[in-house]
Amino acid sequence: MTLRPPGHHLRRGYTLVEMLVGIGILSIAGMLLLPNLVDRGTFAIQAAARAIVSDIVFAQSDALANQEYRRFQFIETPEGEDGYVGYCVLRVSPESFSYPYDPGSADYVSDPLGSTGNDGRYIIDFSADDRFQGVLIESVDLDAGLDYTTFDEYGGSVSSSGGVPGIGGTIDLVSDGSRYRVTVSAFTAKTTVEVLSTP
């Protein structure tokens, strides 16, 4: 029998039930608190900026992997409205560089995630996607005034004249007083995101 000095108590750890209750309380508090810290509009515009960046990288990688040209094309809103409703990824050739975007005859790349409603075509429509609710692609200025950028078989950005390195540009997004800018660098198409304003 082991004797303990007076005043010495056994240290008792937490039981599994106590830990689970504590984690549950913290989870509920987080779910209640988080929406108040960051509003839905901020989540939506951040998701939109991330989607544009990742899909530009996809278009560039797909061009390199398939040794073909790819175009990252922004889709204008219906006539009479400002901005762009989304974007798509297309197969193009040097001969078709200067052709304007025609949704009916465009050669769309297949969407590896199989987005619903687009028949497998790589089209991202902000107005039809809950993740981007309330986000508008306000302006696109790529390669000196174009609304697309093209990648050659080496993954480099090229201009519409074919063979000449692209000069990059900017894509501006707005949502509920927030304004973000995606900048595409010349030739490499490296992208960066900048917060221009928040509500």
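The values are calculated or read from the model by the stated rules, or taken from the named source; none is laboratory data. All values derive from a computational prediction rather than experimental measurement. Positions of Cβ are generated from backbone atoms using ideal geometry, with glycine treated the same way; all protein chains shown enter the neighbour counts. Accessible surface areas use protein heavy atoms only, side chains included; no ligands, DNA or RNA. Shrake-Rupley method; radii C 1.70, N 1.55, O 1.52, S 1.80 Å.
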**OP:** Mind listing whichever residues of region 48-67 are among the charged types (D, E, K, R) and open to solvent by 80 Å² or more (accessible area, probe 1.4 Å)?
**Re:** 50
Original post:
When you go through (1) exposed (fewer than 15 other Cβ atoms within 10 Å of the Cβ); (2) modelled with pLDDT of 90 or more one by one for residue 139, which number turns out not to apply?
Top reply: (1)
**OP:** Sort through 101, 69, 84 and tell me the only one that's farther than 18 Å from residue 140 by Cα and either in contact with a Cys (Cβ under 9 Å, 6 or more places away or on another chain) or not hydrophobic (A, V, I, L, M, F, W, C) (or both).
**Re:** 69
Subject >> region 74-120, residues that are open to solvent by 80 Å² or more (accessible area, probe 1.4 Å), modelled with pLDDT of 90 or more and closer than 22 Å to residue 53 by Cα >> reply: 76, 91
Original post:
Given the structure, is residue 140 over 21 Å from residue 164 (Cβ atoms) and part of a strand (DSSP E or B)?
Top reply: no
